[in-house]
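Single-structure report; data block below.
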Ligand code: TYD
């Protein structure tokens, strides 16, 4: 029998390209599984068959450009489906959900950098996400030069996606946008410097979670 957290626990990971989110999600997942805590690993845009279809459309590097509002609505369409079919049912069962990107990405990529007024993003947020806000958000912070080099090495000969191919300036603003969000919402958002080795970053994440949630206590590395 797997352990359940009474209301579930919704943890999101954010950061620029190549910050190591998927590695850290995999490591946290392994630790939670080792404790028999039922955990779902998912991502945005995507996470359900319907939302993955929308993801393919959004990230298609060859499609015609879309105006910023249309693109933002596509992210929220994917999110609505993801919440309805995966995130809310999992949390209702008391499971842990680890999500690679969520609303803070929209706030920064589309809101701060994408010319959609923040008030529009907030309205969509109230409509689509409503009460299902993350319990905690971990921002993995690295200089964009490093992140882009990692993303490019990972990609190999594949074409850069819609956002990877933006300028260095864009990625610097992106980093600042996430740090500004963290400053405004320090109760929910934890910033972790992510240039160090994978294991020490994993341990730091665990310790930060342990300081907030009983679930992680007593299982220190
Ligand atoms: P992905 O390949 O998953 O990027 P990463 O590995 O960096 O997470 O592609 C998702 C891209 O979509 C990424 O560049 C960030 C962007 N994005 C937004 O612009 N708005 C959003 O709301 C979300 C969830 C992602």
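The values are calculated or read from the model by the stated rules, or taken from the named source; none is laboratory data. Note that the structure is predicted; figures quoted are calculated from it, not measured. Ideal geometry is used to build each Cβ from the backbone, glycine not excepted, and the neighbour counts take in all protein chains shown.
Residues in segment 17-37 that are more than 11 Å from the ligand (Cβ to nearest atom) and closer than 29 Å to residue 172 by Cβ were compared, and the one that is surrounded by the fewest Cβ atoms within 10 Å (Cβ to Cβ) is 26. Looking at segment 202-220, can you tell me whether even one residue there is closer than 26 Å to residue 81 by Cα, touching a strand residue (DSSP E or B) at 6+ places or on another chain (Cβ under 9 Å) and modelled with pLDDT of 95 or more? No, segment 202-220 contains no residue that is closer than 26 Å to residue 81 by Cα, touching a strand residue (DSSP E or B) at 6+ places or on another chain (Cβ under 9 Å) and modelled with pLDDT of 95 or more. Per the listing 159, 176, the residue uniquely away from the ligand (no atom under 11 Å from the Cβ) and in a loop (DSSP other than H, G, I, E, B) is 159. All of (1) more than 10 Å from the ligand (Cβ to nearest atom); (2) farther than 30 Å from residue 30 by Cα; (3) buried (at least 17 other Cβ atoms within 10 Å of the Cβ) hold for residue 169 with one exception: (3).
Yes/no per residue for (1) buried (at least 23 other Cβ atoms within 10 Å of the Cβ); (2) within 25 Å of residue 172 (Cα to Cα); (3) modelled with pLDDT of 95 or more:
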| residue | (1), (2), (3) |
| --- | --- |
| 14 | yes, yes, yes |
| 52 | no, no, yes |
| 55 | no, yes, yes |
| 60 | no, yes, no |
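Look through 129, 119 and report the one residue that is surrounded by fewer than 21 Cβ atoms within 10 Å (Cβ to Cβ), on the phi < 0 side of the Ramachandran plot and free of Cβ contacts under 8 Å to residues at least 12 places away in the same chain. Even if it seems obvious, please write down each step before you answer.
Details: 129 fails: free of Cβ contacts under 8 Å to residues at least 12 places away in the same chain.
Of 129, 119, the one residue that is surrounded by fewer than 21 Cβ atoms within 10 Å (Cβ to Cβ), on the phi < 0 side of the Ramachandran plot and free of Cβ contacts under 8 Å to residues at least 12 places away in the same chain is 119.
Restricting attention to segment 51-70, does a residue exist that is touching a strand residue (DSSP E or B) at 6+ places or on another chain (Cβ under 8 Å) and touching a residue at least 24 places away in the same chain (Cβ under 8 Å)? The answer is no; no qualifying residue exists. With respect to (1) modelled with pLDDT of 95 or more; (2) assigned to a helix (DSSP H, G or I), the lone exception for residue 192 is condition (2). Residues being surrounded by 20 or more Cβ atoms within 10 Å (Cβ to Cβ) and within 20 Å of residue 205 (Cα to Cα) are represented in segment 80-96 by at least one member. Quick check on segment 14-22. Is at least one of its residues closer than 25 Å to residue 159 by Cα and in a helix (DSSP H, G or I)? Within segment 14-22, one or more residues are closer than 25 Å to residue 159 by Cα and in a helix (DSSP H, G or I). Determine whether residue 129 is within 17 Å of residue 24 (Cβ to Cβ) and modelled with pLDDT of 95 or more. No, not satisfied.
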